[in-house]
Each structure stands twice: as C-alpha cells, then as structure tokens.
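Encoded as structure tokens, the structure appears first; notes follow it.
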Amino acid sequence: MKLTISRLKNPVQEYAWGSRTAISRLLGEPCPSASPQAELWIGAHPKAPSLVRREERWIPLPDWIEAAPQAILGDQVAKRFSNELPFLLKVLAAEKPLSIQAHPNLEQARAGYALENLMGIPLDAAHRNYRDDNHKPELICALTPFWALMGFRGVEQIAGLVEAIHNPQLTEVSRCLHDDSRASALQRFFSALMEMDRERQRRLVPGVMRCIDQISDNETIFHWMRELNRNYPADIGVLSPLFLNLIRLQPGEALYIPAGVLHSYLHGVGIELMANSDNVLRGGLTPKHVDVAELAKSLHFKEVPADPVAPKMISPQESCYFTPAEEFILSVIRLDRQHSYESRQKGSVEILMCTEGQARISGSDDGEVVDLSQGGCVIVPGALSHYSLVGQGTLFKASVPLP
C-alpha cells in the first residue's frame with residue numbers, strides 16, 4: 001500500500017458536564033452548540049471510532065488499520081499491541097465538574113470485563129462498570145487554566161481541614177484518621193464517607209456547607225465545595241476537596257494519572273491522551289452508575305504528590321510529556337514562519353491535531369500535501385520514515401514510545 005498521511009473526522013461525545021463553546025469553536029462549527037459537547041474522540045475505540053479519508057471516501061479507522069496493521073501502526077507497535085491502535089486522543093471540555101473516579105489496572109479490567117460478560121450485562125448497559133478489557137492510564141494537558149482533584153491529601157492536612165470546619169458529624173467520621181497506619185487511615189476515612197447511607201449523607205453534606213460559610217480560610221477549597229454542591233446537591237462527593245489534592249494547571253502543564261488514583265476534572269479545556277479504554281469506576285458527582293465497592297477495590301490508599309508534568313524540549317520546535325505509560329506519549333509542536341519541523345526517526349503511528357494557527361504537512365509516498373487549520377487532524381502511518389511541517393501554529397502529537 002502507498003504510505004499516505006490521511007485526514008481524520010472525529011466524533012463528539014455529548015455529556016451534561018460539557019461546554020457549548022469550546023469544541024465547536026475549535027472545530028469551526030456553529031457556536032454555541034445545541035447540546036453540551038464534552039469530548040472529541042480521536043482514535044479507534046469501538047464505542048466511537050474516527051473516520052479516515054481514503055480514496056475520496058470516509059472509512060472507519062479500525063477497518064483501515066485492520067487492512068494493513070504493520071504499515072499503519074508500525075511493525076513494533078503492531079506486534080506489541082496485537083494489531084490495534086493502543087492509545088485514544090481526546091479534547092476534553094469541562095464546563096461543570098466530572099465524577100469523582102478512578103480507572104482499573106489491567107488485571108482488574110480484564111477480570112471485571114470477563115465477569116460482566118459472563119453475567120450477560122450488555123456493553124451499553126447503564127449499570128455496567130467495564131466497557132472493555134483494558135486499563136486506562138491517562139495524561140491531561142491544559143489548553144486553558146484547568147482545575148482538577150487528584151490523589152489523596154496527607155492525613156494531617158485532611159485532619160486539619162476537618163478540624164477547621166467544626167462539624168460534629170464530620171469530626172466523628174474523621175476519628176479513623178488517627179490510625180497508626182496511614183494507608184488504613186485513608187481507606188477507613190474514604191469508606192466511612194462514601195459508604196455512608198444516603199440519609200446520613202443528606203444530613204452531613206448540608207451541615208458541612210453551613211459550617212464552611214462561617215470560615216474565611218481555605219477559600220479556594222471551600223469555593224470548589226460550594227461549586228460541587230451547586231451542581232450535585234448533597235452528594236457525598238461534594239466533600240472530596242477535603243481529602244483530594246486541588247490542582248490548578250496553567251496552559252501547557254499536564255497531569256499523569258495512573259490506575260488506582262482517585263481524581264475529578266472540575267473545569268477547563270485540555271488535550272487528553274490515554275490507553276485505548278473507556279473504563280471508569282465512579283464514586284459520586286454524577287447521575288451515571290456509581291459503584292463505590294468496585295471503585296474502592298481499585299484505589300491506592302496512599303498520599304499522592306500533586307505534581308504537574310512539565311514538558312521537556314527535544315528539539316527547537318517540539319516538547320514531550322514523558323510518563324511511565326507504554327501505550328502513548330504526547331508532544332506539542334510549535335511552528336513559526338522561519339523554521340520547518342522535520343520528524344525524527346519514526347516507527348510508530350502518529351496522530352497530529354492542530355489546535356491553533358495553520359500547518360502544511362508533507363511526506364506521503366505520492367507527494368500529496370495536507371493543509372491543516374485549527375481543529376484539523378491527520379494520521380501518519382508508522383512505516384512512513386519521515387515528514388515535514390511548515391506554517392505558524394500549534395499541533396499536539398500522539399504516538400507510541402519505542403525502545
């Protein structure tokens with residue numbers, strides 16, 4: 001087959017927490033959109049695969065990959081990941097907070113997926129936990145100022161926040177924070193809150209909210225608790241800023257979230273890159289299915305430093321976000337009129353998305369040149385040895401790290 005750089009057309013996922021402006025504006029479509037647009041999916045996940053432009057028609061990306069996996073994915077990627085694209089690229093636009101959630105590790109995902117299949121639960125059933133048999137480590141890179149919750153705070157910090165609130169019911173729940181084992185303290189505190197019966201939750205959360213209205217310290221934490229309560233009244237997840245790190249990413253900063261780390265995205269627009277999975281275990285702040293017991297089985301009950309991932313320059317035009325993930329690596333390419341971008345030695349499939357400005361990409365066997373403007377997206381076959389970019393703008397590149 002001819003090795004051709006090809007355009008992608010990508011599906012939009014509409015969820016209630018999405019934005020009516022961010023994705024439509026990026027794609028140059030009518031703005032505001034008729035419904036909240038939460039995620040733009042760029043990849044080959046069976047739930048919502050991208051379409052690839054081939055010979056004047058659009059075909060599903062998985063079908064194109066299946067026809068020539070080694071040429072499209074690259075020989076090493078095809079062998080390592082069973083002829084499948086191992087990553088999923090997204091644009092995420094959170095106008096409202098997402099659920100408090102975590103993702104299973106690979107062993108848990110395979111076991112949970114097999115069990116739910118054995119139980120005869122349809123893949124699209126609302127109460128299903130596992131949509132596929134893959135894990136979902138992920139990286140979120142901020143395009144706008146981006147607020148998130150990620151990882152457990154230190155035990156002492158949680159205890160200090162609880163003490164400052166002066167709510168007797170919350171103070172009683174927090175007594176377990178004085179356990180000798182920090183992991184046990186976090187697990188018991190989390191379970192005591194999240195597994196509390198609904199009637200007690202409905203009394204606890206409004207009581208805590210009344211207390212924080214009397215406190216002037218920790219305004220950012222309490223601001224987000226008010227926002228969560230406004231969107232999800234009396235949901236126990238409203239208290240999550242007390243025990244999860246609150247993080248504000250500046251544009252260009254990123255967070256890496258491995259399996260078992262509790263988190264929630266609160267507000268902002270970002271580029272998200274993950275293993276090719278849609279497995280989410282939720283604990284609150286959502287009208288979707290919540291399974292606290294299954295979520296708790298996946299969690300690492302340890303204090304997690306909330307350190308952003310900073311990009312590292314690998315050329316004058318390209319910066320990379322390095323993580324432990326085997327399935328993906330994200331980089332950002334910034335073009336100016338004075339310098340072209342020449343790809344490094346390849347071997348992996350790459351997906352490029354233009355988020356700002358314009359670019360022209362060349363390198364196909366047939367000599368075709370593809371023009372990209374804001375919102376445009378292409379896939380570059382792994383067996384294509386080289387390509388060039390010229391223009392003025394910003395592109396995000398998803399690929400697979402190779403040895």
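I'd like to check something: does the range 325-339 contain any residue that is over 18 Å from the mean Cα position of the chain (by Cα), closer than 25 Å to L389 by Cβ, at pLDDT 95 or above and buried (at least 22 other Cβ atoms within 10 Å of the Cβ)? Full working, then the answer.
Here is the first cut: in the range 325-339, the residues over 18 Å from the mean Cα position of the chain (by Cα) are 333-339.
When the remaining residues are screened for being closer than 25 Å to L389 by Cβ, the result is 333-339.
Checking the rest, the ones that are also at pLDDT 95 or above come to 333-335.
Narrowing the set further to residues that are buried (at least 22 other Cβ atoms within 10 Å of the Cβ) leaves 335.
Yes, because at least one residue in the range 325-339 is over 18 Å from the mean Cα position of the chain (by Cα), closer than 25 Å to L389 by Cβ, at pLDDT 95 or above and buried (at least 22 other Cβ atoms within 10 Å of the Cβ).
Rundown of residues vs (1) in contact with a strand residue (DSSP E or B) (Cβ under 6 Å, 6 or more places away or on another chain); (2) at negative phi; (3) of a type in the set (A, V, I, L, M), yes/no style:
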residue: I5; (1), (2), (3): yes, yes, yes
residue: K9; (1), (2), (3): yes, yes, no
residue: V12; (1), (2), (3): yes, yes, yes
residue: R20; (1), (2), (3): no, yes, no
residue: P32; (1), (2), (3): no, yes, no
residue: P49; (1), (2), (3): yes, yes, no
residue: W64; (1), (2), (3): yes, yes, no
residue: A67; (1), (2), (3): no, yes, yes
residue: A78; (1), (2), (3): no, yes, yes
List the residue pairs whose Cβ atoms are under 9 Å apart, where the first residue sits in the range 1-24 and is assigned by TED's automatic domain parsing to the domain that holds R54 and of a type in the set (D, E), the second is surrounded by 16 or more Cβ atoms within 10 Å (Cβ to Cβ) and assigned to a strand (DSSP E or B), and the two are 6 or more positions apart or on different chains.
E14/Q37; E14/E39
Need at least 2 residues that are over 27 Å from the mean Cα position of the chain (by Cα) and surrounded by fewer than 21 Cβ atoms within 10 Å (Cβ to Cβ) per element, so show me which helices (runs of 4 or more DSSP H) inside the range 151-251 make the cut, counting only ones lying wholly within it.
155-165, 168-173, 182-194, 198-212
With the first residue restricted to the range 166-195 and required to be touching a residue at least 60 places away in the same chain (Cβ under 8 Å), and the second required to be among the acidic types (D, E) and assigned to a loop (DSSP other than H, G, I, E, B), Cβ contacts under 7 Å at 6 or more apart or on different chains are none
So, in the range 63-84, of the ones that are farther than 14 Å from V400 by Cα and buried (at least 18 other Cβ atoms within 10 Å of the Cβ), which residue ends up nearest to the chain's Cα centre (by Cα)?
I65
Residues that are among the hydrophobic types (A, V, I, L, M, F, W, C) and buried (at least 22 other Cβ atoms within 10 Å of the Cβ): find the strands (runs of 3 or more DSSP E) completely inside the range 16-61 holding 1 or more of those.
39-42, 51-54
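Would you say A93 is farther than 25 Å from A325 by Cα, touching a residue at least 24 places away in the same chain (Cβ under 8 Å) and not charged (D, E, K, R)?
It is false that A93 is farther than 25 Å from A325 by Cα, touching a residue at least 24 places away in the same chain (Cβ under 8 Å) and not charged (D, E, K, R).
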Odd one out for A68 among (1) touching a residue at least 60 places away in the same chain (Cβ under 8 Å); (2) closer than 21 Å to L372 by Cα
(2)
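The values are calculated or read from the model by the stated rules, or taken from the named source; none is laboratory data. Fair warning: this is a prediction, and the values are worked out from it, not measured in the lab. Heads up, the Cβs are rebuilt from the backbone with ideal geometry, glycines too, and the neighbour counts pull from every protein chain shown.
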